[in-house]
1. Kindly provide the pair-distance distribution of segment 142-286 built from C-alpha pairs, with 10 Å bins from 0 and whole-percent values in order of increasing distance.
2. Report the FRET efficiency, 1/(1 + (r/R0)^6), for Met332 and Ala179, where r is their Cβ-Cβ distance and R0 is 41 Å, rounded to 0.05.
3. So which aspartates and glutamates pass the test for Lys198, namely a Cα distance under 16 Å, with those fewer than 8 places away in the same chain ruled out?
4. Please compare each pair in Lys71/Lys117; Lys117/Lys231; Lys29/Lys231 to a cut-off of 24 Å on the Cα-Cα distance and tell me which ones are over it.
5. Relative to the compact-globule scaling 2.2 N^0.38 Å, provide the ratio for the alpha-carbon radius of gyration of segment 28-118.
6. Counting only protein chains, not ligands or nucleic acids, how are Lys275, Lys57 ordered by accessible area (probe 1.4 Å), most first?
7. Report the normalised scattering of segment 202-266 as log10 I(q)/I(0) at q = 0.12, 0.27 Å⁻¹, calculated by the Debye formula with identical scatterers on the alpha carbons.
8. What is the Cα centroid distance between segment 230-288 and segment 176-218, reported in whole angstrom?
Amino acid sequence: MEKESTKLEKQYAKNMEQNIVISVTNLRKRFNLEAGFFARLGRYVHAVNGVSLAIGKNETYGLVGESGCGKTTTARLLVRMYEADEGEITFQGRDGNIEDVRSLKGREFKQYRERVKYVFQDPARSLNPRMTVYEVLTSGARWAMKRHGAGGAAILKEEAASILEEVGLSASDLERRPAEFSGGQRQRISIARGLLMKPDLLICDEVVSALDVSIQGQILNLLLDLRSSRKSSQQELSFLFIAHDLKVACYFCDRIGVMYRGEIMEEAPAAEIWKHGLHPYTELLFSSAGKIPAQESPAAPAKTTSAKSINTEPEGCSFASRCPYAKERCFMEKPHPRTVGTKHLLRCWR
């Protein structure tokens, strides 16, 4: 316990020094491969394997990778929709207090949930069709507004109307129901719900992937406007932006972590990833997104070797079975993250 306490104290000091809003160290999560009473024990899906990352105040961090790589699981561990098996999560809000997220309970945990809000991928499923827009926006905020006393309800309605107008809708929409809106408008409502409590961190989980291409651009521009307006008004708001399209992430984010099979394979500022993405998996993502023509991308002709099942942790590099540059060492020994330049981390033997 003493060692754990010392580690947390060091992490807290680092957060204070580097102005970090949330920090994750060696986060791990696995799920039973089979469900039900008669499911066999000992078979697991290793969804998150030792992820470490940090998001600064007023920073937009992009977590990018293919479906099933562990992006959403990582995000849900941050808000404890899932409980981590191992690892540390530390959070520092605008009040300056630093907390061990995994140990929070009761009122402290509710207050943490106010400071870190989650916007889901599919607004049609995340918005209760029986509620009005006003009820959707305020259902998680009413208990917090009781501190305002008798005028709390009026203040809450005024703030709900204001945030709805900020995301491009009208205050008159408060009494309508989600089913009366288009997909893009429902996503705006989801974003408004996330912003109502003035959080320190907004987690955007594939917020544009379920929308038409033309609507995707509108939502991205909305998020850009929200980010710039809060920076100009000196309101601290950080983003965790989860996406499978690396081009979109480079457009929107300050810094990007490229994820594969539960591991961060490469992390660097977005401009650095765009110009000098070094990991073979990063090259593959760019080629599939159209930045590099597939026939010209060195990572495009993947090896014919089939990828290992995700119910076993690979001895070597998790990407080795798909990598055109893989050597014998890549299959036998796991690469550790190393620094390339000043702010570029890479998990690769090449």
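The values are calculated or read from the model by the stated rules, or taken from the named source; none is laboratory data. This one's a predicted model, so the numbers in the text were calculated from it and none came from an experiment. Positions of Cβ are generated from backbone atoms using ideal geometry, with glycine treated the same way; all protein chains shown enter the neighbour counts. Accessible surface is based on the protein model in full, side chains and every heavy atom, while ligands, DNA and RNA are left aside. Shrake-Rupley method; radii C 1.70, N 1.55, O 1.52, S 1.80 Å.
1. So the P(r) values, bin by bin, are 10, 34, 32, 16, 7, 1.
2. 0.15
3. Once the sequence-local aspartates and glutamates are set aside, what remains near Lys198 is Glu59, Asp95, Glu114, Glu158, Glu159, Glu165, Glu166, Asp225, Glu236.
4. Lys29/Lys231
5. 1.24
6. These residues rank, largest area first, as Lys275, Lys57.
7. For segment 202-266 at q = 0.12, 0.27 Å⁻¹, log10 I(q)/I(0) is -0.34, -1.29.
8. So the separation of the two Cα centres works out to 20 Å.
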